[in-house]
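Engineer: First the structure, which I've put down as structure tokens, then a few questions once you've had a look.
The values are calculated or read from the model by the stated rules, or taken from the named source; none is laboratory data. It should be emphasised that the depicted structure is a prediction, and the values quoted were computed from it without experimental measurement. Note: ideal-geometry Cβ built from the backbone for every residue, glycine included; neighbour counts use all protein chains shown. Heads up: the accessible areas ignore ligands, DNA and RNA and are worked out on the full protein's heavy atoms, side chains in. Shrake-Rupley method; radii C 1.70, N 1.55, O 1.52, S 1.80 Å.
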Amino acid sequence: MAGADKAMPVKGDRPANQRGAARLAAVQALYQMDLGGATLADVLAEFESFRLGKEVDGEQYRNADPAFFRAIVSGVVHNQKTLDPVVHTTLAGGWPLARIDVTLRAILRAGAYELTARKDVPARVVIAEYVDVAKAFFDDEVPALVNAVLDALARSLRPQEFAAADGL
């Protein structure tokens, strides 16, 4: 899928932008690992040496927070056996995780990882960031699906963050 190699335009180097770029790169790395069978060490080395903040095929990749990138990719890989069932049960019936688009699967796994392991990042931020990542690859209803799945996961995993807003 050519979309997984899509570079995002340079928009500055603010830390938030660097985390957003790290999320996008993490999804691309997870996609590459899923399709090509590359090892975690190889993918991390490739992205950190040749993609993050670099020009690739005439496209300038945004600077990304390398530690945040590594944490997401490594976290998904090391926790995939616990993340996949959580995502799978949140998907609508008839949509097993193994059958969905590889890029979408990478987005949902990365978002689920952040929701379970990165309590320092508010759930609403995680959801919004991965909806934006989905928009980088999909023009159709996929960003809405990402929003729905991650929102359901967040409400299940972090109910306290939604209690006040939901009037509980």
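Engineer: Only residues in the range 41-62 that are at negative phi count as the first member; pair them with residues that are among the basic types (Lys, Arg) and not in a helix (DSSP H, G or I), Cβ under 6 angstrom, at least 6 apart or cross-chain, and list the lot.
Structural biologist: TYR61/ARG51; TYR61/LYS54
Engineer: Determine, yes or no, whether ASP101 is acidic (Asp, Glu) and more than 13 Å from the chain's Cα centre (by Cα). Spell out the reasoning first.
Structural biologist: Working: acidic (Asp, Glu): yes; more than 13 Å from the chain's Cα centre (by Cα): yes.
Yes, satisfied.
Engineer: Among the residues of the range 65-81, are any closer than 19 Å to ASN147 by Cβ, open to solvent by 40 Å² or more (accessible area, probe 1.4 Å) and under 14 Å from the mean Cα position of the chain (by Cα)?
Structural biologist: no
Engineer: Kindly indicate which of ALA98, ALA67, ALA134, ALA112 is within 20 Å of GLN32 (Cα to Cα) and in contact with a Pro (Cβ under 9 Å, 6 or more places away or on another chain). Explain how you work it out, then say what you get.
Structural biologist: Values: ALA98 fails: in contact with a Pro (Cβ under 9 Å, 6 or more places away or on another chain); ALA67 fails: in contact with a Pro (Cβ under 9 Å, 6 or more places away or on another chain); ALA112 fails: in contact with a Pro (Cβ under 9 Å, 6 or more places away or on another chain).
Residue meeting the stated conditions: ALA134.
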